[in-house]
Amino acid sequence: GRGIARPIFEGLGELTVPRDRELLRRFYLLEHDRDEVCAALGIDPGHFHRVIHRARQRFGEILARHGLGTGPG
């Protein structure tokens, strides 16, 4: 529902690395495919998995501060 949307958008705003914010926004919210995201952000497609993994980790830490983390495991 709408209740979870605000903390997620606020969390994206708290990401200190602009590329993380744009990467997650394009890939998950706008549903661009990997190649589109890589081209737009200058990411080597071979590094995409590692880059998005780190961005998701940092975003997860922010969500956890908002009480929305998935917890251990």
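Put +1 on the Cβ of every Lys and Arg and -1 on every Asp and Glu Cβ in region 18-73; which of ALA64, PRO45, LEU30 then has its Cα farthest towards the positive end of the dipole?
Value computed over the given set: ALA64.
Nearest 500 deg cm²/dmol is fine: what mean residue ellipticity at 222 nm does the chain get from its DSSP H runs of n ≥ 4 alone, each adding -39,500 (n - 2.57), divided by its residue count? Walk me through the intermediate numbers first.
Values: 4 runs with 46 residues, N = 73.
When only DSSP H runs of four or more count, the value is -19500 deg cm²/dmol.
How much of the accessible area of the chain, probe 1.4 Å, is carbon plus sulfur, in whole percent?
Numbers: 2650 of 5140 Å².
The value for the chain is 52 percent carbon and sulfur by accessible area.
Excluding ligands, DNA and RNA, what is the solvent-accessible area per residue of region 1-63 at a probe of 1.4 Å, expressed in Å²?
Working: 4240 Å² over 63 residues.
In whole numbers, region 1-63 has 67 Å² accessible per residue.
The values are calculated or read from the model by the stated rules, or taken from the named source; none is laboratory data. From a predicted model like this one, the values you see are computed outputs, not experimental measurements. Because the Cβ atoms are built from the backbone with ideal geometry, glycine has one as well, and the counts that use them run over all protein chains shown. For the accessible areas, the whole protein counts, side chains as well, though only heavy atoms, and no ligand, DNA or RNA atoms are used. Shrake-Rupley method; radii C 1.70, N 1.55, O 1.52, S 1.80 Å.
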